[in-house]
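Single-structure report; data block below.
The values are calculated or read from the model by the stated rules, or taken from the named source; none is laboratory data. Everything numeric in this text was worked out from a predicted model, so none of it was measured. Because the Cβ atoms are built from the backbone with ideal geometry, glycine has one as well, and the counts that use them run over all protein chains shown. Note: areas computed on protein heavy atoms with side chains; ligands, DNA, RNA excluded. Shrake-Rupley method; radii C 1.70, N 1.55, O 1.52, S 1.80 Å.
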Amino acid sequence: MQKELPKRFDHKKLEPLIYKEWEKSGYFNPDKLPARHKEPFCILMPPPNANDPLHIGHALFVSLEDTMTRYARMRGKKALWLPGMDHAGFETQIVYEKKLQKQGRSRLEMSREEFYKEVWDYTQKNRDTVRNQLKKLGSSCDWSRETFTLDAKIIKTVYKTFKDMHGAGLIYRDERLINYCVKHQTAFSELEIKHKEQDDTLYFIKYGPVEVATVRPETIFGDTAVAVNPNDKRYKKYIGKEIEADLIIEKRKLRVVADKEVDPKFGTGALKITPAHDAADYEMWLRHKKDIGAPIQTIGKDGRLNEKTGKYKGMKILEAREAVAYDLQKRGLLKKTEAYKHAVSVCYKCENTIEPMLMKQWFVDIKPLTSPAVDAVKKGKIKIMPPSQRKVYLHWMLNIKDWNISRQNWWGIEIPAWKCVSCTSTNENEKWIITDGEKPEKCPECENTKLERDPDVFDTWFSSGQWPFATLDWPKGKDFKTFYPTDIMETGYDILFFWVARQIMLGLYKTGKVPFKTVYLHGLVRDKDRQKMSKSKGNVIDPLGTVEEYGADALRMALIVGNSIGKDPVISEEKIRGYRNFSTKLWNVTRFLLLNSKDNKLPLSPEYDATDKKILAEFDKTAKKVTDFIEKYEYWNAAETAYHYAWHTFADKVLENSKSVITGENEKNKITRLSMLIHVWGQTLKILHPFAPFVTEELYGHLPLKNKKLLLVEEWPSGNAKKNK
RNA sequence: GGGCGCUUAGCUCAGUUGGCUAGAGCGACUCGUUUACACCGAGUAGGUCGGGGGUUCGAGCCCCUCAGCGCCCACCA
């Protein structure tokens, strides 16, 4: 006997109960699914950072990935959506240092161990929060497999990869000019720097017999040469000769070299070379190494001028710039200045100017990894969606640079490399011992036991790049054999290079197989005025607050419908409210059917008439359409089609037109029609379930149907749709 | 400087190999308290598909060109 439904879906009360029921069923775990679920299907959740609650972007990936997973599960797949959380190395360190600062504390007053312990506890607390939030959004992921990026098995895999790649010559240590943020005091890869237009001053300085132009007069103490264009008549006579320049603190002899990269039309056409503090100059130095002096480092990691700068020692960069310019002018060396607008590299996090710094770091020799990664995409082993991003990926791969994986942070996976103090006599002949993570007892060559661990940690993306095979227990785990390669990598296009590309390269390198077959890249969530959401603009939509007010289904529908791939999704409260109304509609349709069927014996063996058959056929057509859209990854169209059918076809037309039959005198017709309607409605709830799981599950539970299961594992009404390929 | 993309109703967007009287949601307007639902129903208005040119029997969809917008990449001091 069905109880009469209230007028509305009480999402606050019911959603948690429904989620509990799903969890109790065990079906989130592919190993516990009924026997019909055979063919494996797997999505790895992009692990949210365990340093902050979820934001709307997370809700977007949950909506998409949960939809994908639920569809696959209903379709009879052995579906695994593996959840994870990210320690998020550098990001978390910044977050936690800010917290410390608010408490009047600082990392620098703590030992590395104390700091690590505190951040560990902090991330574990956040993991609980994030896990609960993911549940509130309806995530049907297998919690028994939840993985943290610092779990022992992940670290073990990362160490092994590092050691193997080092052994294969794919990882090397070298001193190079790297991107260094003076504020965060760490190196970055190319991807963590941005370019920003900036207004600067171009200083024209008398430089012995010539004149040079620079925006950074404070670096003159590190000058080792002058470069001119080989075809520049003005300077031809100096090429190969030495000139003497007044560098304030000393007079220095500098070789003039010819390099075609020098633009004779820019500035004076003569360029001072400061290889230790300018990327272009460094490249120039590499080309003329044998002719010109070695780089002279004159700025320290603290962003202040060092002992090689005489009286300027201790000054900050900008301070020194003014002081040097002033002194140059006093000596009559500053000829003129010009306003100059150009792009400078800045830290992606704090937007401070990146200071190029000569440092020894671990690098991945990336080129050998790119050709398999390019082939996999070109040959269709990996399909990247939208197609425009495929082009971006291929283009990036062509212009890729060696990857600096060393970071001067405390929070992260420590690099398993030890330096033998006795074998290492100079900066040039460092002797490193790489292990699986354990500290080596002694140096294998000199047997000395005095070993120093590299204090650096890995770039977080080096470890997350190994996520697919690490989480699935490569090489021998059961999950690896069952679920690798995974089916879909669903994530934001903003981490195409950071994460997706690296997963492809490292996955192919380690396992010989692609880590996933399809890449689905969603956009950045915008507000209704197409603005990026940010706390300072005050236009953020808090996903959990929205779930409280309108229900998870409403939020999920709003994030999926109308948001085609390749465009930044737009969401607004009005839109969410609209889909909350949709939940109510579904609720009331069910209510109406139940009110009318409570005194009738249902279902009957159906003898459908022409009208019934037409209704059934129309549903089949809809189900087929929805299925085809999903198979083409067009979730926005699939959801809209199902939505439109439920509301504007089934409720507005089918149900309205059936009222006369239902209230009519003919008992048999009445019962036939009702059982048909209830059947079709049950099917409708099925095609809506991946998008709006909670309300559909609840309502399905109330329908008087035979052999019902949880909607979660009901069979997808495929219509005549094409089978997934 | 290089690359990618966008421009369709007031707003946000669909429109996949060229064949439609160009659609949806929200918004606007007009009616409407009928055995579910006002978080509702019935209906109406609203578009020279950014401009120009071309291919074609036929173009929102293909080609050329112009304009505007956005994103990514990038060592010219």
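Estimated purely from DSSP H runs of n ≥ 4, each contributing -39500 (n - 2.57), the mean residue ellipticity at 222 nm for chain A is -12000 deg cm²/dmol once divided by its residues. With contacts taken as Cα pairs under 8 Å at a separation of at least 6 residues, the range A:444-537 carries a relative contact order of 28 percent.
Highest mean first, what order results for A:492-502, A:415-425 on Cβ atoms within 10 Å?
Listed from highest to lowest mean packing, they are A:492-502, A:415-425.
Please give the net charge around A:HIS342, taking every other residue with its beta carbon less than 9 angstrom from that of A:HIS342, where Lys and Arg add +1 and Asp and Glu add -1.
Value of the local net charge: -2.
Using a probe of 1.4 angstrom and keeping all protein chains present, the accessible surface of chain A works out to 45 square angstrom per residue.
In the range A:447-574, the convex hull through the Cα atoms has an average projected area of 13.1 nm², a quarter of its surface area. What percent of all Cα-Cα pairs in chain A falls in each 10 Å bin, counting up from 0? In whole percents, the pair-distance histogram is 3, 12, 20, 20, 16, 12, 8, 5, 3, 1, 0, 0. Look at the alpha carbon pairs under 8 Å that are at least 6 residues apart: their mean separation over the length of the range A:500-568 gives a relative contact order of 29 percent.
In units of the rule-of-thumb radius 2.2 N^0.38 Å, the range A:355-418 shows an alpha carbon radius of gyration of 1.48.
Here the ratio of the Cα radius of gyration of the range A:439-484 to 2.2 N^0.38 Å is 1.80.
Which semi-axis lengths, in whole Å and largest first, follow from the square roots of five times the eigenvalues of the Cα gyration tensor of the range A:1-69?
Listed largest to smallest, the semi-axes of the range A:1-69 are 26, 22, 11 Å.
Comparing A:GLY412, A:GLY300, A:ILE193 along the charge dipole axis of chain A, the residue lying farthest to the positive side is A:ILE193, per the Cβ-charge model. Just so you know, the Cα atoms of the range A:323-374 work out to an Rg and Dmax of 20.1, 59 Å.
Rolling a 1.4 Å probe over the protein heavy atoms of chain A, with every protein chain left in place, gives an accessible area that is 50 percent carbon and sulfur.
Reported to two decimal places, what Rg/Rh ratio describes the range A:363-512 when computed on Cα atoms with Rh from the Kirkwood expression? Could you put the intermediate results ahead of the total?
Numbers: Rg = 18.5 Å, Rh = 17.6 Å.
Radius of gyration over Kirkwood radius for the range A:363-512 works out to 1.05.
Between A:GLN329 and A:THR424, the modelled labels are 4.6 nm apart [label points 7 Å from Cα along Cα→Cβ].
Spin-label pair A:LYS379-A:GLU307: with each label point 7 Å from Cα along the Cα-Cβ axis, the two points sit 5.7 nm from one another. Using the Karplus relation 6.51 cos²θ - 1.76 cosθ + 1.60 with θ = phi - 60°, the per-residue 3J(HN,Hα) values for the range A:131-140 come to 4, 4, 5, 4, 5, 4, 7, x, 4, 9 Hz, with x marking Gly and Pro. At q = 0.31 Å⁻¹, what is the log10 ratio I(q)/I(0) for the range A:31-79, with the Debye formula run over Cα points and no solvent? With one equal scatterer per Cα and no solvent, log10 I(q)/I(0) is -1.12.
A 1.4 Å probe, protein heavy atoms only, puts the accessible area of A:LYS335 near 110 Å². Computing FRET efficiency as 1/(1 + (r/R0)^6) for A:LYS260 and A:ALA152, where r is the C-beta to C-beta distance and R0 is 41 Å, gives about 0.15. Couplings 3J(HN,Hα) for the range A:500-510, derived from phi with the Karplus relation 6.51 cos²θ - 1.76 cosθ + 1.60 (θ = phi - 60°), are 4, 4, 5, 4, 5, 5, 6, x, 5, 5, 7 Hz, where x marks Gly and Pro. Remark on A:ILE171: its backbone amide H falls under 5 Å from those of A:HIS166, A:ASP365, a criterion applied only to residues 5 or more positions apart or on other chains, H modelled at 1.01 Å from N.
3J(HN,Hα) couplings calculated from phi for the range A:81-98 with the Karplus curve 6.51 cos²θ - 1.76 cosθ + 1.60 (θ = phi - 60°) are, in sequence order, 10, 8, x, x, 9, 10, 5, 6, x, 4, 4, 5, 4, 5, 4, 6, 5, 5 Hz; Gly and Pro show x.
Each peptide in A:88-97, A:152-161, A:428-437 gets a packing score, the mean of other Cβ atoms within 10 Å over its residues, and the list from highest to lowest is A:88-97, A:152-161, A:428-437. Per-residue extension of 0.36 nm, minus the Cα-Cα distance of A:ASP128 and A:LEU655, leaves a gain of 185.2 nm for this segment. Would you calculate the convex hull of the Cα atoms in the range A:199-240 and tell me its volume per residue in Å³? Taking only Cα atoms, the range A:199-240 has a hull volume of 92 Å³ per residue.
Taking amide hydrogens as placed 1.01 Å from N in the peptide plane, the amide H of A:ASP200 sits under 5 Å from those of A:TYR340, A:LYS341, A:HIS342, each at least 5 positions away in sequence or on another chain. With N as its number of residues, the range A:1-142 has a Cα radius of gyration that, divided by 2.2 N^0.38 Å, comes to 1.35.
Kirkwood hydrodynamic radius of the range A:289-413 from all distinct Cα pairs, in Å?
19.5
Between A:ASP200 and A:ARG453, the simple spin-label model (points 7 angstrom out along Cα→Cβ) gives 3.9 nm.
Overall dimensions of the range A:566-725, expressed as equivalent-ellipsoid semi-axes from the Cα gyration tensor (√(5λ), whole Å, largest first), are 28, 18, 15.
Under 5 Å between amide hydrogens, built in the peptide plane, is the criterion, and for A:VAL226 it picks out A:ARG255, A:VAL256, A:VAL257, A:ILE273 among residues at least 5 positions away or on other chains.
The stretch between A:HIS644 and A:GLN185, if pulled fully straight at 0.36 nm per residue, gains 159.8 nm over its current Cα-Cα span. Our estimate of slack between A:GLU242 and A:LYS360, defined as 0.36 nm per intervening residue step minus the Cα-Cα distance, is 39.4 nm.
At the listed q of 0.19, 0.20 Å⁻¹, the Debye profile of the range A:284-341, built from one uniform point per Cα, gives log10 I(q)/I(0) equal to -0.89, -0.92. Averaging the sequence gap over all C-alpha pairs within less than 8 Å and six or more residues apart, then dividing by the number of residues, gives chain A a relative contact order of 16 percent. Exposure check, 1.4 Å probe, all protein chains in place: A:LEU191 carries approximately 40 Å² of accessible surface. Report the far tail of the P(r) of the range A:625-697, meaning the percent of Cα-Cα pairs longer than 22 Å. Within the range A:625-697, distances greater than 22 Å cover 32 percent of Cα pairs.
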